[in-house]
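S.K.: This is the structure I have questions about; it appears just below.
Please treat every number below as a calculation from the coordinates, not as lab data. Source: prediction; values computed, not measured. Positions of Cβ are backbone-derived with ideal geometry, glycine not excepted, and every protein chain shown enters the neighbour counts.
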Amino acid sequence: MDLNKDVKYIKGVGPNRVLLLNKLGIFSLNDLITYYPRTYEDRSKAKPLSECAHGEEVTIEAVACAKIIETRLPRNRTMQKLIIRDETGVATVTWFNQSYLKNKFEPGNKYRFYGKVNHSFGKLEITSPVFDEWGKKQNTGRIIPIYPLTFQLSQNSLRKIMENAIQEVEGKLPETLPEKIRKAVNLEEINLATKYIHFPTSIEDFTKARKRLVFEELFSTQLALLALKNKYLSEDKGISFEKEAKMSDIIQAFPFQMTKAQLRVLQEIDENMESTKPMNRLLQGDVGSGKTAVAMCAAYKAVKSGYQVAIMAPTAILATQHWHNFKAILDEKNIRSELLISGITKKQKENILSRLAEGEIDIIIGTHALLEEKVEFKKLGLVVTDEQHRFGVKQRTTIAEKGQNPDVLVMSATPIPRTLALILYGDLDISIIDELPPNRKKIETFAVTKQMASRIDAFIQKQLEQGRQAYIVCPLVEENEEMDLRSVSEVYEKYQTEIFPNYRVAYIHGKMKPKEKEEIMNQFKKQKIDLLISTTVIEVGVDVPNANIMVIENAERFGLAQLHQLRGRVGRGEYQSFCILKYEGKGETIRKRMKVMCETNDGFIISEKDLELRGSGDFFGTMQHGIPEFKIANLFEDMPILKLAQQAAQNLMVEDPELEKKENQIIKQLISDKFKTRIEI
């Protein structure tokens with residue numbers, strides 16, 4: 001049996017269906033059997049007609065009283081009606097435009113139906129149900145999987161294809177977990193788990209199957225990351241930076257006092273840097289918690305120990321901001337910082353590259369341009385990457401390879417609950433700055449509906465009159481008819497011509513050239529623009545202390561973590577700041593999410609809630625981390641299984657760090673299959 005076999009060779013997949021399956025990311029037999037249902041309908045238990053409630057979806061076992069009666073309706077439509085009965089009552093089954101059903105039902109024969117029941121005028125009616133002849137269980141009489149689909153592929157079609165695939169692999173799938181681990185955690189074997197996740201015969205079957213598959217997914221991810229971590233630790237000696245290069249020298253140069261949390265984190269970093277093991281540390285902290293100051297202290301220690309430092313930011317705007325911040329403090333200490341971004345001239349770039357290779361530059365700050373082959377260092381000792389969710393494991397490794405096992409510090413302003421951080425950053429040690437500087441004012445947050453628009457505009461005007469500036473954030477660049485979201489250009493037109501014709505309004509979005517974006521942000525920073533209409537491109541952006549209002553249009557379309565990141569763009573100066581969330585829709589979840597944003601400014605609480613209300617999905621952009629996305633695990637719901645998987649992975653790495661034992665070869669294979677590019681263990 002070949003799991004890599006092209007899906008077109010599975011029974012029931014024709015040339016048209018293969019294209020639809022490909023659209024769903026299904027190309028092989030393995031892709032197909034790991035395309036898991038998103039939910040299930042229990043159609044296994046039938047109800048007597050007399051007990052069916054209005055609006056309920058039920059399975060009914062009943063006898064056809066007569067042949068179907070077809071009625072012609074206006075505009076070429078038809079209606080099919082069938083009278084059915086069981087021991088407790090009579091009901092009418094109705095279909096529309098299904099003429100092929102006319103001869104499907106024989107009077108006196110028994111059938112099983114599944115559909116929604118309507119009670120009207122004392123009569124029972126079931127509209128457009130699925131059905132089976134008595135004794136068959138294709139559409140009813142069992143627990144039915146419901147798959148995420150493209151609109152041209154029906155559930156029925158995919159279910160038939162899936163049944164054929166499961167039949168083909170039944171009993172032949174090779175086990176991917178050692179028996180010792182399966183017994184310890186009480187897990188189903190792979191063949192039954194695969195069969196019952198698609199076609200469970202009971203809720204118990206499904207629960208056992210899901211536990212097994214979720215465990216395997218989380219266990220293999222955790223194991224791969226621990227293997228990476230072990231690889232770093234067992235590599236040649238890292239750099240042992242000098243004890244004499246004291247961070248306290250630079251701490252005293254800051255125009256502010258560092259928080260206890262910053263000092264605690266600096267101690268962890270200091271100990272890492274002085275040890276012989278290479279540092280691989282994640283620095284987590286909310287927007288404005290002072291991560292850049294911590295990075296500056298680490299950079300100072302590296303330079304004073306005779307090494308160079310690379311600082312990588314996701315955008316030219318942010319790289320430029322870091323450069324200015326570093327120069328303001330470090331120039332006085334005779335530390336030479338340079339900026340390498342795509343906007344500089346060829347001659348400037350050549351000059352910087354040659355001085356960097358000669359060791360005449362101590363700290364180089366740039367975007368992913370630092371990953372280019374031409375960028376060479378004389379003695380790279382520390383790599384700092386900012387906003388880790390924009391850089392994957394591979395990119396981090398690429399820049400680290402430009403030195404001899406340099407220390408790596410990864411900074412992220414996306415607060416992630418610690419247990420989940422272990423999944424995303426299992427290859428890193430974790431430091432958290434969990435306290436904001438004392439002078440930071442709480443950003444007042446309000447959630448409003450569009451009926452409040454004119455009051456909000458009046459409020460913005462009042463702030464602009466006092467010399468402040470405002471952001472207005474829109475979810476999309478272009479009109480999307482399905483979602484009916486207003487585009488940036490449309491909002492810009494409205495504000496510039498109708499609402500604030502006397503103020504300077506500009507707009508910025510991701511499709512602009514980097515140079516254009518930078519120019520607009522610089523103009524905004526210099527207070528030459530009053531109102532900036534933007535997409536989420538400003539999420540990782542420049543500090544504008546004078547901007548104190550953030551209005552987010554269609555706030556219900558954003559994740560909470562993203563709303564929190566956006567909100568962090570204001571509240572950076574001395575003025576009281578405000579974040580106004582304009583939302584549409586009356587759903588309970590929307591209201592809960594808006595309430596969370598109004599009640600707390602704590603990013604860690606917000607990220608927990610985001611997971612709870614939204615599920616994990618691709619919440620962290622795991623694809624960008626180089627980690628495969630989860631097909632079945634939900635990081636919020638599956639926290640108990642995640643803890644089991646983490647414990648099992650840690651125990652295994654203690655027992656067999658190289659995974660050399662015979663029984664662990666299958667795990668080695670599982671990791672290399674999952675991560676495609678082999679992680680050397």
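S.K.: Roughly what angle does helix 639-655 make with the longest principal axis of the chain, taking Cα atoms, 0 to 90 degrees, to the nearest 10?
M.R.: Helix 639-655 and the main axis of the chain meet at about 60 degrees.
S.K.: Only helical DSSP H runs with n ≥ 4 go in: add -39500 (n - 2.57) per run for the chain, normalise by residue count and round the 222 nm mean residue ellipticity to 500 deg cm²/dmol.
M.R.: That calculation yields -11000 deg cm²/dmol at 222 nm.
S.K.: A follow-up question, please. Roughly what angle does helix 291-304 make with the longest principal axis of the chain, taking Cα atoms, 0 to 90 degrees, to the nearest 10?
M.R.: 50
S.K.: Could you pull out every residue, at least 5 positions away or on a different chain, whose amide H is within less than 5 Å of the one on V473? Hs are placed 1.01 Å off N in the peptide plane, and Pro or chain starts have none.
M.R.: S534, V551, I552, E553
S.K.: How many angstrom lie between the Cα centre of the stretch 92-167 and the Cα centre of the stretch 1-45?
M.R.: 21
S.K.: Between C65 and E332, what is the spin-label point distance in nm, taking each point 7 Å from the Cα along the Cα→C-beta axis?
M.R.: Placing both labels 7 Å along Cα→Cβ, they lie 9.4 nm apart.
S.K.: Same structure again: Work out the P(r) tail for the stretch 444-600: percent of alpha carbon pairs separated by more than 25 Å, whole number.
M.R.: 23
S.K.: Could you list the chymotrypsin sites (Phe, Trp or Tyr not before Pro) in the stretch 1-99 that lie in coil according to DSSP, counting only those with at most 16 other Cβ atoms within 10 Å of their Cβ?
M.R.: F27
S.K.: Less than 14 Å Cβ to Cβ from Q80, Lys/Arg counted +1 and Asp/Glu -1: what total charge do the surrounding residues give?
M.R.: +4
S.K.: What does the extension gain come out to for S50 and N186, with contour length at 0.36 nm per residue minus their alpha carbon separation?
M.R.: Gain on extension, S50 to N186, equals 44.7 nm.
S.K.: OK, next. Quick one: angle between helix 603-614 and the longest Cα principal axis of the chain, in degrees between 0 and 90, rounded to 10, please.
M.R.: 20
S.K.: Please state, to two decimals, what the Cα-based radius of gyration of the stretch 490-575 comes to when divided by 2.2 N^0.38 Å (N = residues).
M.R.: On the way: Rg = 12.8 Å, N = 86, 2.2 N^0.38 = 12.0 Å.
In units of the 2.2 N^0.38 Å rule of thumb, it is 1.07.
S.K.: Also, quick follow-up: Grab every C-alpha pair in the chain, bin the distances at 20 angstrom width from 0 up to the longest one, and report whole percents.
M.R.: 15, 39, 33, 11, 2
S.K.: Just order 324-330, 462-468 by mean Cβ neighbour count inside 10 Å, highest at the front, would you?
M.R.: Top to bottom by mean Cβ count within 10 Å: 324-330, 462-468.
S.K.: Working from the pairwise distances between different alpha carbons, so that the mean of 1/r is found and then inverted, what is the stretch 45-141's Kirkwood radius in Å?
M.R.: Kirkwood radius, the stretch 45-141: 13.5 Å.
S.K.: Right, another one. Within the set K137/K183; K442/K525; K116/K208; K333/K379; K23/K102; K441/K511, which residue pairs have Cα atoms separated by over 24 Å?
M.R.: K137/K183; K116/K208; K23/K102; K441/K511
S.K.: So which chymotrypsin sites (Phe, Trp or Tyr not before Pro) in the stretch 117-180 end up in coil per DSSP with only 12 or fewer other C-beta atoms within 10 Å? Display every interim value, and only then the final one.
M.R.: Values: sites: F121, F131, W134, F151; in loops: F121, W134, F151.
Of the chymotrypsin sites (Phe, Trp or Tyr not before Pro), the ones in loops of the stretch 117-180 whose Cβ has at most 12 other Cβ atoms within 10 Å are F121, W134, F151.
S.K.: Another question about this same structure. Using every Cα-Cα pair within the stretch 97-256, state what percent have a distance larger than 19 Å. Mind showing how you got there, number by number?
M.R.: Numbers: 9512 of 12720 pairs.
Percentage above 19 Å: 75.
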